[in-house]
Structures are given as structure tokens and as C-alpha cells.
Amino acid sequence: MDKYNWSLEKIYKNIQDARLDIKKCDEIIEKINLEPKTIDNLKNIIELHSDLSRLVEKLFCYSYMKRDEDSRVSEFQKLALDVDSLSTRVSSCLSFFEPFLMSLSSSDLDTFYEKNDNKKYKKYFDEILRFKEHTLSKSEENILASLSSAMSSGQNTFYMLSYADMNYGIVESRNGEKILASNYNNFLLDKNETVRKEAFEKFNGKFKEFKNTYASTLYSTIKNLTTVAKIKKYPSARYMELFKESINETVYDLLILSVEKYLPSLHKYYALRKKALKKDKQYMWDVYLNINEDFNKTYSYEEAKDIILKALKPLGDDYVSEIKKGFENRWIDVYPREGKAAGAYSWGCFDTDPYILMNFTGDLHSIFTLAHELGHSMHSFYARNNNEYIYSSYKMFVAEVASTFNELVLLDYLLKNAQNKEEKIYILNYYINMFITTVFRQTMFAEFEKTTHSEVEKNNSLTAQDFTKISKELNDKYYGQNVEANELADYVWARIPHFYTNFYVYRYATSFCAASFLSREVLNKKDMALEKYRAFLKDGCKTKPIEQLKNAGFDMEDKNAIDKALEVFKDLVDKLEFEIGK
């Protein structure tokens, strides 16, 4: 039914209309190329720059979301490729801008700011000028821009192989149900161990089968990034990616150190799971299984919406009202189907709704996923509605705060409304697994990225064998002795799409810790906590992300900050142990 599909026709009525805007972009490109590159013409240049950027972002969102509806449709594939090509032309056209801006003197810029309403551009320009020592000449930047499409080929190959071409087989032990990237996790929740084991082996076996292709795509992606970092005179690729958001590398390293300190609590949890499940051995296909078989509630999508609206009331009536409008206005593509992209995301741009793709299956995880993506969408909604275009996009470092905040508020609601001991155990266990997947697992992936990029920067090539060895060492460290090692689990590196979004995953962990603290402050009705959090949502990128969190009440640069959140994890494991003991 249409009400369960997102309304992309509000962006463009059809693909033909989108192609008209591709032509319009090329017309703006031609106009920009003819504009005099002088301080007197700077106002006109920046306005054309914004017009072009807004339009190509709109096209980019539309084309990729259409492709994600059904990756098998060649018309959708072609549009996405054509927009990729357009993006390269746009990047090439705009490659002059930053070197040009950096060539202007301080006095020239001061004079510019004094005219009309030009002062509004100062923060925007200051953020660009921060990169001056890492910006190449106009011709060099133009060369890099022209290569951007080719340098993203690894990511595109990963996408098409994993979601469009790959046949993961069927689970014979579950009536021949087909395995998709979008429904794989659902098999791991099946009470029947034969189902879990078969799905695990067939799904992960495919990544082993194509390990050399995946290794090639991942290595080329890492090599490209490290090469760009070297060309732009950064100490490392990681430094370059964190510098973009004014994040010190110590934040990344402190996260890893803190998580390592609390690995004993994680290992205790796996021992507790093993005991609760009454298993002599606990395997990789067991670690997501509900430890309380007496509680395995499922929900309709309508029930999920109702729960979320009630749970999020502490964030304010207007917040809940906007979410209701989102449901009514079809922001969300709800159910899994063949060809649809796996997982979930919130996407859109300044000129669209904040759309959500998800694969709702009716379990508790689906409700949390919906709440999570609504957090992203509401963050985008408030940022776009309270800022001009150039300040409307929040930085990636804080991108997971609002989403995780929503999940934690939902969790508090569910715990307070638990009907019995079984439900409480179920929800406590879910809370613990949120910590594991969002903090421990993402930190494990962050370690993988740190190690692999470091190796490439030492001029060491990486093959499938190398990636698998690094992954195995991390699996052994994080899972401990209470989960049986499994060769296929060591190919997890091949199936993580975020490895193609460089140094992104650590933000899940830091954001979870920030959201954990901020949500407790709001739920406990601490003085001005809600007001400060709502100000955070509305800030966009006017303030640096570290400062945004400080203003909201959480100092990420405090070396004890992550420990405070992980103490909550330790306490949750103890509470679960107590409840099971009862």
C-alpha cells in the first residue's frame, strides 16, 4: 500500500522531471564558469554556488533513494550513475571556489562582510579558510574533483555486489525462505538453532566466497583516502577525516581505551547469556537470540507508531506533533522486499522531507530502528527549519546523538511500562545489546579502521587474508572465551558498508555515550536540560560539534566521559544477572 511507501513523487513526479534538473544544473555550471572570479563578484558567486549545491543534493537524494527502492531496476541504476557523473562535473566546476576564497586578503573579506547582509557568510567562510594549508591549487583541486567518481568505484562495486547481484540462497530449515541482506538478522532471532546456523553459514559463506573481490574494493577505498590525505599534507587519513569536524584524534583513542577497560563486563554478559540459554557452547549465531524464550512479543507497524509517539512525549508536544505529520505525509518506506536496500537510514536535503528507509519486521528491534531514524529526521527537520541553507547541515560527529537519544527515551518508557519480570528481562537485555552493537561493536570496527589505514599508510598492501586476520584478532578480543570462534565470522569486514564511509563508525559509540547522558538529564527533568537539548537540535552547523555537545551539557573531551556511560553498561549487566537469578 502507498501509505507504507515513502512519497518521493513530492521531490520529482517522475525520472524525466529529475533529468530536467540535471540539465538545469549544467546550465548553472556553464554560468558559473563564465562568472568573473573577483571579490566584487563574490556575492553572486556564492549565491550561484548555493543554488547549484542545493539542486544537486536534491537530485542525489532522489536518484539514490529511487535506486534503493529496487536496486534491480536499470532505469534507477542509470539515473544514480548519471547523477554521480553530474556530481563530478559540479565538483570540478566548484573546485575553484575554495582556492579563490583563500587567495583573498583579510582586508578584502572584512570589506565584503560590511556590505548588505554579507556578514552572515563569515562563519561559513571561516570554516573553509581553516583548511587553507591543506588546499591545493585550483588546477590540482580540479584534477582531484574530476577523479572523485572513479575514486568511489570501490563503494559502488560493494553496493551492487552485496544488494543487487548477490544470491545468498535459501534457508531450507525455514520453509525455503530466501536470504536477503535486508532480512538476514531476522533469521538470527529464530528459536530454532538449525535455522540460525544455516542462515549464518550461507550468508557469511558468500562473503568468504567473494573475499578477494571485497578485499579489492575495500583496499582501493582505503588506498584512495590515504593518498588524498598525503597529497593534501595531512599526517594521516584519520587526522584528515576528524579535522573536517575539528575533532582531536585523542577523542577517538580515548574511546578505544575506555571500551577496552570495560571488556570484562562484556565478557561477563556473554557468560551470563550462555548460562541463561543453558548451552554448553555459545556460537556466533546465538549472540542475538532472545535469552528469555517466554517473551517474544511482536508488533504491527501501527502499534509501533503509537508506542513511539507516547514514549517521546518528554521531548515536547511540538516534537511529537511533527513526527505525527511525518507518518501522515509518508516520510517512511516501511517493509522489506526483494531488491530493496538493506538496513535503515534517514536521508533528504534542504528542499525535501527528511525521508526514512527501513525494513520493518515487527520485532522490538524494528521499533527501536524506527525511533532511531526518526531521531535523525527530526534533527534534520529542526536544523533545516532554523537555519539558512549554508548552516543547515549538522556535522557527522553529532549525527548519531539525536537518533540514539530517541532510542534511550523509548527504552526508558518500555522499562517503566514492563508488564512482568519476563518483559523486564527482555528489555534489559535489549538495552545491553544496544550498548554492545552501538558502543562495543562500533569501537571494534573503529579499531579495524585505525589498524587497516595505518598499515596502508606504512605502504603495506592488504589482501583478504590480511583483513581477515585483523578481524579475527578483534573478534577474539571482544567476544572472549564464552563465544566460540568461527572462521566465517572473521569475514565481517567484507559486509560492513560503513567501511566505505571513512572513519564514521566511531561516532556511533561517542554519540551513544553523549545521548545516554543527555537523555538522563531530560528524563530526570534537570534544570534547562530539555531547552539545551532542543537548542542542540536547532543549531545545524553554526557551532562546532564539540561545542554543541558542551552547550547541551556533555563534555566529550573529558577523559572520563566515556567511562561514565560504560559504568551504566556494567550496572545493566549486574541488574540482568539479578533479575535472572530471581
Residue count, region 105-123, condition buried (at least 17 other Cβ atoms within 10 Å of the Cβ) and within 23 Å of N33 (Cβ to Cβ), comes to 2
Can you find, within region 334-350, the residue that is surrounded by the most Cβ atoms within 10 Å (Cβ to Cβ) among those that are touching a residue at least 60 places away in the same chain (Cβ under 8 Å), within 18 Å of F381 (Cα to Cα) and aromatic (F, W, Y)? W347
Which one of the conditions (1) aliphatic (A, V, I, L, M); (2) surrounded by fewer than 16 Cβ atoms within 10 Å (Cβ to Cβ); (3) in contact with a His (Cβ under 8 Å, 6 or more places away or on another chain) does V73 fail to meet, given that it meets all the rest? (3)
Quick test for you: out of F397, F435, F405, F448, pick the one residue that is touching a Pro at 6+ places or on another chain (Cβ under 6 Å), in a helix (DSSP H, G or I) and touching a residue at least 40 places away in the same chain (Cβ under 8 Å). F397
Inspect region 107-121 for any residue being touching a residue at least 12 places away in the same chain (Cβ under 8 Å), within 19 Å of S393 (Cβ to Cβ) and of a type in the set (A, V, I, L, M, F, W, C) and give the result as yes or no. no
Kindly indicate which of N204, N175, N185 is surrounded by fewer than 18 Cβ atoms within 10 Å (Cβ to Cβ) and either under 30 Å from S85 (Cα atoms) or more than 21 Å from the chain's Cα centre (by Cα) (or both). N175
For region 317-332, indicate whether the set of residues that are β-branched (V, I, T), on the phi < 0 side of the Ramachandran plot and at pLDDT below 95 is non-empty. no
Among the residues of region 239-291 satisfying the criterion of being hydroxyl-bearing (S, T, Y) and assigned to a loop (DSSP other than H, G, I, E, B), which is farthest from D563 (Cα to Cα)? Y283
Only one of (1) over 22 Å from the mean Cα position of the chain (by Cα); (2) assigned to a loop (DSSP other than H, G, I, E, B) is not met by Q465, so which one is it? (2)
For the condition touching a residue at least 40 places away in the same chain (Cβ under 8 Å) and more than 25 Å from I427 (Cβ to Cβ), what is the one hit in V228, V287, V259? V228
Is one or more of the residues making up region 207-221 buried (at least 16 other Cβ atoms within 10 Å of the Cβ) and under 21 Å from H365 (Cβ atoms)? no
All but one of (1) part of a helix (DSSP H, G or I); (2) at pLDDT below 95; (3) more than 30 Å from S300 (Cβ to Cβ) hold for K37; state the number of the condition that does not hold. (1)
Among what's in region 477-488 and is within 18 Å of F200 (Cα to Cα) and surrounded by fewer than 20 Cβ atoms within 10 Å (Cβ to Cβ), pick the residue that is nearest to the chain's Cα centre (by Cα). L488
What's the total number of residues in region 144-172 that are touching a Gly at 6+ places or on another chain (Cβ under 7 Å) and loosely packed, with under 15 Cβ neighbours inside 10 Å? 0
Looking at region 354-383 only, could you name the residues that are in a loop (DSSP other than H, G, I, E, B) and of a type in the set (G, A, S)? G362
Quick check on C61: is it touching a residue at least 60 places away in the same chain (Cβ under 8 Å), in contact with a strand residue (DSSP E or B) (Cβ under 9 Å, 6 or more places away or on another chain), under 28 Å from K123 (Cα atoms) and not β-branched (V, I, T)? yes
Go through region 98-123 and give me each residue that's of a type in the set (S, T, Y), part of a helix (DSSP H, G or I) and either modelled with pLDDT under 95 or more than 27 Å from I247 (Cβ to Cβ) (or both). S103, S106, S107, T111, Y113
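The values are calculated or read from the model by the stated rules, or taken from the named source; none is laboratory data. Every value quoted in this text rests on a predicted model; they were computed, and no experiment measured them. When we count neighbours, we look across all protein chains shown, and the Cβ atoms used for this are built from the backbone with ideal geometry, even at glycine.
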